[in-house]
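The values are calculated or read from the model by the stated rules, or taken from the named source; none is laboratory data. All values derive from a computational prediction rather than experimental measurement. We place every Cβ from the backbone using ideal geometry, glycine too, and count neighbours over all the protein chains shown.
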Amino acid sequence: MSTYLALVCDRLSDDLSGLQLRALTRRALAPSEVRVRIHGAGLNFPDLLMTRGGYQFKPELPFVPGMEGSGTVLECGSQVSGWRPGDEVCFNEKTGALAQEIVLPATALRQRPERLNLDEAACHHVTGLTAVVALEVIGKLQPSERLLVHGARGGVGHACARLGQHLGADVVATATDPQQIAALAALGIHTVSAGPGFRDAVLQHTDGRGADVVVDPVGGDVFDESMRAVAWGGRLLVLGFASGRIATLATNRALIKGLAIFGVRAGEYLRRHPAQRAQVFARVEALANQGVLRPLIGRTYALGEAVHALRALEGRGVPGKILVRTADASPGAAGRRF
């Protein structure tokens, strides 16, 4: 096959109208590159933001969205060792996953964790890396500490709750959906209502102390109230702004409570600390094989439905991760604009 299908962003747009499913021509491999037949891509909020120009990293147009995926090695460059056609792999890049194929440096590939199937492998890197960097590397969560996790319905929040539990913390997760509450309770994770007033429930659960560590991928009002729910000397980890509002920090609260506030960008952290990259990736994969960081896939779409998948991501109505199976598209779909 000399061409393959990809979701291409050729102009920035708030309504995703700048995306088109197109047939792209294969290019020759450089000696150190590998061609991968993509099985699936896991969606992440930056994928959506990049199509609008609203993310810190702004890829040059046109580009193919998608930060992570899994698949099978098709072809290796002449200088590649360690990989061969047929190997099942996963990858975490800035762009390129919402396509049927991708060409990557051989060093960018990771072996599919043994306990994850290809669907799960497509969705585990971003959430797993974020959880490990947030809780272990930056937050330094300790056994018996109280961990408050917001957005536990989503992929990152779910991963943080599971990892916190594995590390021996007393995990409290905010949730509203009855099914999600039941699922977290089945894992032994205490839940409180995600609505206004969660501070009181957190204080009650922690005997008035508050949370030692707070994971906040939501921002807005949640951040504001988290400042009042965190314990003296606590750590508040800012992972994102899914609410759409970037909160303003009242520094007097940080002073009064002696707390530390950290911004967590796992990918950027690893780019700036390359010596830790292999160790952190190995840790994520070990936790995946232990069943700790096994992604929860809430909904699956075909590549031809990728824009609908991005809209579902924006709507925040899907629990866990959204998977796009990129092999599921017919050549007749090429040229479709959404």
Exercise. Looking at (1) in contact with a Cys (Cβ under 9 Å, 6 or more places away or on another chain); (2) surrounded by fewer than 24 Cβ atoms within 10 Å (Cβ to Cβ), which is the only condition L147 fails?
Worked result: (2)
Exercise. Any residue in region 325-338 that is modelled with pLDDT of 95 or more and either among the small types (G, A, S) or under 15 Å from the mean Cα position of the chain (by Cα) (or both)?
Worked result: no
Problem set entry | Given (1) out of contact with any Lys or Arg (no Cβ under 8 Å at 6 or more places or on another chain); (2) in the same structural domain as A161 (by TED's automatic domain parsing), index of the condition L109 fails | (2)
For this session: Name the one entry in Q100, Q111, Q79 that is closer than 19 Å to A309 by Cα and of a type in the set (S, T, N, Q).
Result: Q100
Exercise. Take the residues of region 59-93 that are charged (D, E, K, R) and closer than 21 Å to H125 by Cα: which is surrounded by the most Cβ atoms within 10 Å (Cβ to Cβ)?
Worked result: E68
Exercise. If we scan region 291-308, do we find a residue that is assigned to a helix (DSSP H, G or I), in contact with a helix residue (DSSP H, G or I) (Cβ under 9 Å, 6 or more places away or on another chain) and surrounded by fewer than 15 Cβ atoms within 10 Å (Cβ to Cβ)?
Worked result: no
For this session: Report yes if I261 is closer than 24 Å to R162 by Cα, in contact with a Phe, Trp or Tyr (Cβ under 8 Å, 6 or more places away or on another chain) and either without any contact (Cβ under 8 Å) to a residue 40 or more places away in the chain or crowded, with 20+ Cβ neighbours inside 10 Å (or both), otherwise no.
Result: no
For this session: Starting from residues that are small (G, A, S) and not in a loop (DSSP other than H, G, I, E, B), keep the ones in region 1-24 and report whichever is farthest from A97 (Cα to Cα).
Result: A23
For this session: Kindly indicate whether any position in region 43-53 is loosely packed, with under 15 Cβ neighbours inside 10 Å and either out of contact with any Leu (no Cβ under 7 Å at 6 or more places or on another chain) or free of Cβ contacts under 8 Å to residues at least 12 places away in the same chain (or both).
Result: no
Problem set entry | Top-ranked residue of region 309-325 - restricted to ones that are in contact (Cβ under 8 Å) with a residue 24 or more places away in the chain and either aliphatic (A, V, I, L, M) or at positive phi (or both), ranked as surrounded by the fewest Cβ atoms within 10 Å (Cβ to Cβ) | R316
